[in-house]
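Worksheet: one structure, shown below.
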Amino acid sequence: MQDNVDGWSKAVSAENANGASPQAYCLNCFALVPAERETCPRCEERAALLSARGYKEKLLHALFHPLAEVRMRAIIALGLRADGDTAPALVECALRHATDLVQGLEIVNSLSRLQAGGPCVPALHDLASRHPARAVKQAALWASRGI
Ligand SMILES: [Zn+2]
């Protein structure tokens, strides 16, 4: 995301306490890799290519990140961008992590901001019908009605 360095996302800012070299997350597979590597040892993606991805593409990919905090940043950023074509990815993220209610409710907030100020009603209805958590279902329904 924004704090990437040479295609890797910073994981540990400086050297570790034990003097080991700095590490970062691969923006493709999210493996922890030595920051000085040019290629991810797990997925073999090149850092320079990852760095060239567009910001929206990076945000959408971050919805698959294993850390909830990283996913939450992407959810909030996508909501602020108000880009309607990101709605399906947000709905699927909520369904992949259905037990994370805080994330589910933030996705409802983000969906409410999509499409230049109006709620993204079809996506909110989709979320309300498919999400297993009552709190998320209800929030999605209310948001679709502008409540
Ligand atoms: Zn990788």
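Worth pointing out:
- Residue list for the stretch 23-75, restricted to those being of a type in the set (Gly, Ala, Ser) and under 28 Å from GLY104 (Cβ atoms): ALA31, GLY54, ALA62, ALA68, ALA74
- Taking the stretch 47-57 as the range and being surrounded by 14 or more Cβ atoms within 10 Å (Cβ to Cβ) and farther than 14 Å from ALA24 by Cβ as the test, the residues that pass are ARG53, LYS56.
- Yes/no for PRO66 being in contact (Cβ under 8 Å) with a residue 12 or more places away in the chain, surrounded by fewer than 16 Cβ atoms within 10 Å (Cβ to Cβ) and closer than 28 Å to ALA20 by Cα: yes
- Of the helices (runs of 4 or more DSSP H) lying entirely inside the stretch 1-119, those carrying at least 3 residues that are modelled with pLDDT under 90 and within 16 Å of the ligand (Cβ to nearest atom) are 47-51.
- Of all residues in the stretch 28-47, those that are over 18 Å from LEU67 (Cα atoms) have Cβ atoms under 7 Å from Cβ atoms of residues that are of a type in the set (Asp, Glu) and more than 8 Å from the ligand (Cβ to nearest atom), 6 or more apart or on another chain, in ARG46/GLU38; ALA47/ASP6; ALA47/GLU38.
- Residue match in the stretch 114-131 (condition: farther than 21 Å from LEU27 by Cα, basic (Lys, Arg) and buried (at least 18 other Cβ atoms within 10 Å of the Cβ)): no
The values are calculated or read from the model by the stated rules, or taken from the named source; none is laboratory data. All figures in this text were calculated on a predicted structure; none of them were measured in a lab. As a convention, Cβ positions derive from the backbone with ideal geometry for all residues, glycine included, and neighbour counts pool all protein chains shown.
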